[in-house]
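Structure first, commentary second.
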Amino acid sequence: MAADARAPHALLLPYPAQGHVIPFMELAHRLLDRGFAVTFVNTEFNHRSVVAASAGRRQRLRLVGIADGMDDGEDRDNLIRLNVTMQEAMPPQLEALLDGEGLGTVTCVVVDVGMSWALDAAKRRGLPTAALWAASAAVLAVLVGAKNLIRDGVIDDDGAPVKLENKSFRLAESMAPMDATFLAWNYMMGNRDAERMVFHYLTTTAWAAVAKADVLLCNTFAELEPDIFTQHSPASILPIGPLRTWQRPAREAPVGHFWRSDDEACLSFLDAQPHGSVVYVAFGSLTVMSPLQLQELALALGASGRPFLWVFRPGLAGKLPPAFADLLRAQHGRGKLVEWAPQESVLAHSAVGCFVTHCGWNSTLEGIRNGVPLLCWPYFTDQFTNQTYICDIWRVGLRVAPMDTEGIVSKEQIMGRLESLMGDSGVKERVSKLKELAERSMSGDGQSLKNLNAFIESMRK
């Protein structure tokens with residue numbers, strides 16, 4: 001697609017994970033709406049998935065793939081190795097793109113905070129830059145303020161929690177307490193070496209983003225995390241969320257998913273269900289569960305008597321027990337399994353009564369902005385922090401199991417939590433209020449919309 005030489009031309013570079021690509025794609029379409037040309041850079045591996053999943057949709061932006069430095073057969077879920085190879089392989093390719101190699105002159109750059117090492121090339125060319133954080137402002141504030149946490153004895157030099165009273169700390173007196181054992185880097189399946197490397201990567205890239213980007217953006221809204229947007233915050237973070245696709249024609253809706261969803265099948269199923277009755281189950285792009293745990297979940301959904309829509313993506317589990325398929329066939333049409341779903345449309349549907357989620361930040365925001373109660377089943381990294389906010393601070397959801405639970409969550413436990421959540425009028429009232437605040441923040445005189453507009457204008461300079 002040829003760019004208008006007179007239009008400002010933004011290059012966007014997300015971290016190569018589904019939860020990062022989606023908000024970047026939504027931001028890309030906001031820039032397109034304001035007259036920008038956009039070049040959207042994925043790793044070649046993710047580029048192929050995005051192109052395949054978006055076949056048949058009209059593209060208003062240019063999708064580009066560059067090598068990530070890993071071999072074809074390597075595991076891209078090994079984020080520690082991926083972080084190393086990207087920093088070696090990608091900068092020369094980005095330099096060529098910034099110099100207009102076949103694309104036209106780039107006039108501004110937006111990178112993921114986790115890719116802030118790419119800012120150097122843009123700064124050498126004197127281009128306006130921004131760094132977008134795709135998770136919560138609370139997690140970003142912890143990363144930016146990590147040196148203070150080390151100084152105050154909350155964590156050691158490698159991010160490991162130091163003995164604390166009640167295992168909790170505060171970034172500032174005005175801010176909510178946070179559990180140091182569930183910091184974003186402290187949930188790498190008990191591998192302390194991995195946790196140490198993740199801690200240093202996350203903090204180094206966050207500090208570089210603060211130092212080098214002209215503006216630090218976050219996909220959140222101030223009313224959701226008010227304690228972060230005070231004079232006590234360790235960085236100047238500009239909330240521009242919740243970013244969303246709004247009501248675009250289907251063929252023009254932002255792409256960015258790694259799997260193709262069957263929109264018609266999902267929405268037709270929901271259309272046939274009573275209001276507020278459906279349990280929507282989706283665990284994001286990286287969660288892995290044991291076959292035994294999935295069987296317990298399937299049994300719970302079947303015994304609940306409620307209709308359910310379950311996103312069962314490739315890679316969610318290893319080899320499933322033969323009885324699993326029989327369990328699902330026995331639901332007599334009450335349950336539907338799909339490999340991927342149009343999640344925003346699903347959560348906006350009136351038939352959905354609750355969302356069983358891994359608590360990724362995109363899923364958390366999508367549940368809130370559609371007023372859907374959340375049943376939390378986090379897997380790793382910041383998902384445990386998000387669970388704390390959902391259950392203890394906002395009080396718009398429940399944990400599927402207590403914090404100290406190990407091993408399999410039983411059918412009976414899952415059923416009990418589902419019934420408790422779907423019968424809790426207080427949760428429904430609180431999440432409805434957050435939905436109103438989310439909508440207000442991105443409409444009319446909402447602060448997030450004002451911030452977004454100011455950011456876009458700053459990128460024209």
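Here is how the numbers come out for the structure above:
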{"read-out": "Binned Cα-Cα distance frequencies in region 98-164 - 5 Å width, integer %", "value": "4, 15, 17, 15, 14, 12, 9, 7, 5, 2, 1, 0"}
{"read-out": "log10 of Debye I(q)/I(0), alpha-carbon scatterers only, for region 24-66 at 0.21 Å⁻¹", "value": "-0.68"}
{"read-out": "Dipole axis of region 343-461 (+1 Lys, Arg; -1 Asp, Glu on Cβ), positive-most option in 389, 452, 359", "value": "452"}
{"read-out": "Debye, to nearest 20: dipole size of region 348-421, +1 on Lys, Arg Cβ, -1 on Asp, Glu Cβ", "value": "200 debye"}
{"read-out": "Region 59-136: projected area of the alpha-carbon convex hull, averaged over directions, in nm²", "value": "6.6 nm²"}
{"read-out": "Nearest-20 debye value, region 93-156 charge dipole, Cβ charges on Lys, Arg, Asp, Glu", "value": "220 debye"}
{"read-out": "Rounded to whole Hz, the Karplus (6.51, -1.76, 1.60) HN-Hα couplings of region 73-81, x for glycine and proline", "value": "x, 6, 7, 6, 6, 7, 5, 5, 5"}
{"read-out": "Binned Cα-Cα distance frequencies in region 1-140 - 10 Å width, integer %", "value": "11, 44, 36, 8, 0"}
{"read-out": "Solvent-accessible area per residue, Å², over region 25-101 with all protein chains present [probe radius 1.4 Å]", "value": "42 Å²"}
{"read-out": "Gained length - residue 425 relative to residue 437, 0.36 nm times residue gap less alpha-carbon distance", "value": "2.4 nm"}
{"read-out": "Accessible surface, 1.4 Å probe, highest first, among residues 68, 271", "value": "271, 68"}
{"read-out": "All Cα pairs of region 330-379, percent lying beyond 14 Å", "value": "54 percent"}
{"read-out": "Per principal axis, descending, Cα span of region 358-461 in whole Å", "value": "57, 30, 18"}
{"read-out": "Accessible area of region 79-176 belonging to carbon and sulfur atoms, whole % at 1.4 Å probe", "value": "49 percent"}
{"read-out": "About the Cα centre, charge dipole magnitude for region 404-458 (Lys/Arg +1, Asp/Glu -1 at Cβ), debye", "value": "180 debye"}
{"read-out": "Label-to-label distance, nm, for residues given as residue 263 and residue 168 (7 Å Cα→Cβ offset)", "value": "4.4 nm"}
{"read-out": "Where labels lie 7 Å past Cα in the beta-carbon direction, separation of residue 53 and residue 191 in nm", "value": "2.3 nm"}
{"read-out": "Nonlocal amide H pairs with residue 238, under 5 Å, H built at 1.01 Å", "value": "216, 217, 218"}
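The values are calculated or read from the model by the stated rules, or taken from the named source; none is laboratory data. It should be emphasised that the depicted structure is a prediction, and the values quoted were computed from it without experimental measurement. All Cβ positions, even for glycine, are placed from backbone atoms using ideal geometry, and neighbour counts span all protein chains on display. The accessibility values were calculated without ligands, DNA or RNA, using every heavy atom of the protein model including side chains. Shrake-Rupley method; radii C 1.70, N 1.55, O 1.52, S 1.80 Å.
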